[in-house]
Amino acid sequence: MQKPALVTLAEHPSFARSDGIVDRLYESYDFLLECVAPGISPIDSAGHRILRDTALEPTVRHKLDQALRRIRNIPACTAEIISLTDGPLLGATLATEEESAGVRQTVELPGHQVHLLTDPTLPADVHQTFETLFRRHLSAGEGADTLTSLTAERATTLRTAVDLMLATAPDLCSGLLRHARYVVAVDGPDAFDSASTREIPGAAFVALRCMRTPERLAEAMVHEFVHLRLYDLQATRSIFAPAYDTDTAPTVAPEWHETSQVSRWPIDRALAAAHVYVHLCAWFEQRAHHSQKPDLAQAAQTAAFRATSLLDKVSRYSEECLGPVGRDFLHWLTELHRTQSDPLAHTVERVAS
């Protein structure tokens, strides 16, 4: 009997099992400090040069990722690490600062916590750095959007959304949640629905309008947590060819973005979107099966079309743009999506009838 796609999407030992991906990520950061800056970061009693919670904090990871990208230039790599160890970011996290202020909120999970950024306006250094990263890498501009507080009511909606995720896809979502350190609320006239970026790893940003119901919020979190898993995978596996550069890479034109200001996407963006749509197709199909709502069945069909379209477009450039691991990743994703597409047609017909 064929396993459901939501189960298979959680099973690949290299591309999907979150414990292995996150462990490899932490070990990469620890080994980076061992190799490049052994005199800067002393070994602790467990034999590590940086605590796991510290290394996986978004503001710290941003600096460590910058160092990793400069690994071929040891002086530049070392300078990034020195700027981290000499600065204030190693001494605290967003969560510990909010705990000190008495406003910390978390979602407790087996072996993991997802923190809710309750008060982004705290004057702590780590909060100010986080705000700066948001402004630099995600914001639509001054006055267009802003980080905003997560009230107790919104936190309740978020916990209900997490429960929905785990009830719908326990194998997949229990893993995806491990890639999320923070859920952050955004508001403003030009705020996106939801977003994430490799430059602020481990953080998912969701607009307040997408937090009105657990169903909409769960969808947004699945979307962004899938991105977060891919960012972590890219930090530990050579998905793209060594010479790949997003600024000069070939581009593809998604049919549903023809009238957009950005009508063509580089291959890395197209692959990331295909990765999400494969997951959303399986997510909506399962939700449609549970609730028998035609709009969910239609959403599954839309996600299926977009996944198929993007996977086909990326495959045309796979030899040029992807490394051996990236081609294996694309093959896994394509085959998994192909096996779920035919059963989806029957689901759509059944729900519509």
Requested in this report: Looking at (1) open to solvent by less than 20 Å² (accessible area, probe 1.4 Å); (2) more than 28 Å from E98 (Cβ to Cβ), find the lone condition where F205 falls short.
Outcome: (2)
Report summary line: All conditions in (1) farther than 26 Å from E215 by Cα; (2) open to solvent by 50 Å² or more (accessible area, probe 1.4 Å); (3) not in a loop (DSSP other than H, G, I, E, B) are true of L311 except (2)
Query raised in the report: Would it be correct to say that H331 is open to solvent by 10 Å² or more (accessible area, probe 1.4 Å) and either assigned to a helix (DSSP H, G or I) or aliphatic (A, V, I, L, M) (or both)?
Result: yes
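Filter segment 55-90 down to the residues that are aliphatic (A, V, I, L, M) and outside any helix (DSSP H, G or I), then identify the one that is surrounded by the fewest Cβ atoms within 10 Å (Cβ to Cβ). Walk me through how you get there before you give the answer.
Our first condition is that a residue be aliphatic (A, V, I, L, M); within segment 55-90, this holds for 55-56, 60, 64, 67-68, 71, 74, 76, 79, 81-82, 84, 89-90.
Imposing the further condition that a residue be outside any helix (DSSP H, G or I) reduces the set to 56, 71.
Working: L56: 21, I71: 13.
Ranking the qualifying residues of segment 55-90, first place goes to I71.
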Requested in this report: Go through segment 20-47 and give me each residue that's open to solvent by 60 Å² or more (accessible area, probe 1.4 Å), in a loop (DSSP other than H, G, I, E, B) and not hydrophobic (A, V, I, L, M, F, W, C).
Outcome: P38, G39, P42, S45
Query raised in the report: Within segment 133-149, how many residues are at pLDDT below 95 and either buried (at least 18 other Cβ atoms within 10 Å of the Cβ) or acidic (D, E) (or both)?
Result: 1
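Mind listing just one residue for me: the one in segment 91-109 that is over 19 Å from V60 (Cα atoms), among the polar types (S, T, N, Q) and out of contact with any His (no Cβ under 6 Å at 6 or more places or on another chain) and, of those, surrounded by the most Cβ atoms within 10 Å (Cβ to Cβ)? Explain how you work it out, then say what you get.
Here is the first cut: in segment 91-109, the residues over 19 Å from V60 (Cα atoms) are 100-109.
Among the residues that remain, those that are also among the polar types (S, T, N, Q) are: 100, 105-106.
Now narrow it down to the ones that are out of contact with any His (no Cβ under 6 Å at 6 or more places or on another chain): 100, 105.
Working: S100: 12, Q105: 22.
Here the answer is Q105.
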Query raised in the report: Could you give every pair whose Cβ atoms fall below 9 Å, whose first residue belongs to segment 98-115 and is free of Cβ contacts under 8 Å to residues at least 24 places away in the same chain, and whose second residue is in a strand (DSSP E or B) and open to solvent by 30 Å² or more (accessible area, probe 1.4 Å), counting only separations of at least 6 or pairs across chains?
Result: T106/Q113
Report task. Scan segment 249-288 for residues that are of a type in the set (A, V, I, L, M), open to solvent by 20 Å² or more (accessible area, probe 1.4 Å) and modelled with pLDDT under 95 and report the count. Result -> 1
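Touching a Phe, Trp or Tyr at 6+ places or on another chain (Cβ under 6 Å) and either on the phi > 0 side of the Ramachandran plot or basic (K, R) (or both): which single residue out of R306, R338, R316, R327 fits that description?
On the way: R338 fails: touching a Phe, Trp or Tyr at 6+ places or on another chain (Cβ under 6 Å); R316 fails: touching a Phe, Trp or Tyr at 6+ places or on another chain (Cβ under 6 Å); R327 fails: touching a Phe, Trp or Tyr at 6+ places or on another chain (Cβ under 6 Å).
So the residue among R306, R338, R316, R327 that is touching a Phe, Trp or Tyr at 6+ places or on another chain (Cβ under 6 Å) and either on the phi > 0 side of the Ramachandran plot or basic (K, R) (or both) is R306.
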Report summary line: Filter segment 146-167 for residues that are out of contact with any Gly (no Cβ under 7 Å at 6 or more places or on another chain) and not in a helix (DSSP H, G or I); the one that is nearest to M221 (Cα to Cα) is L150
Query raised in the report: So T246 clears everything in (1) β-branched (V, I, T); (2) open to solvent by 10 Å² or more (accessible area, probe 1.4 Å); (3) over 18 Å from H275 (Cβ atoms) except one condition, right? Which one?
Result: (3)
Query raised in the report: Which pairs do you get when a residue that is polar (S, T, N, Q), found in segment 210-236, comes within reach of a residue that is open to solvent by 30 Å² or more (accessible area, probe 1.4 Å), reach meaning Cβ atoms under 7 angstrom, with the pair 6+ apart or on two chains?
Result: T236/R24; T236/S28
Requested in this report: Would you point out which residue out of L172, L164, L228, L217 is out of contact with any strand residue (DSSP E or B) (no Cβ under 8 Å at 6 or more places or on another chain) and crowded, with 22+ Cβ neighbours inside 10 Å?
Outcome: L172
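The values are calculated or read from the model by the stated rules, or taken from the named source; none is laboratory data. All of these numbers come straight from a predicted model, not from anything done at the bench. No Cβ is skipped: glycine too gets one built from the backbone with ideal geometry, and neighbour counts run over all protein chains shown. For the accessible areas, the whole protein counts, side chains as well, though only heavy atoms, and no ligand, DNA or RNA atoms are used. Shrake-Rupley method; radii C 1.70, N 1.55, O 1.52, S 1.80 Å.
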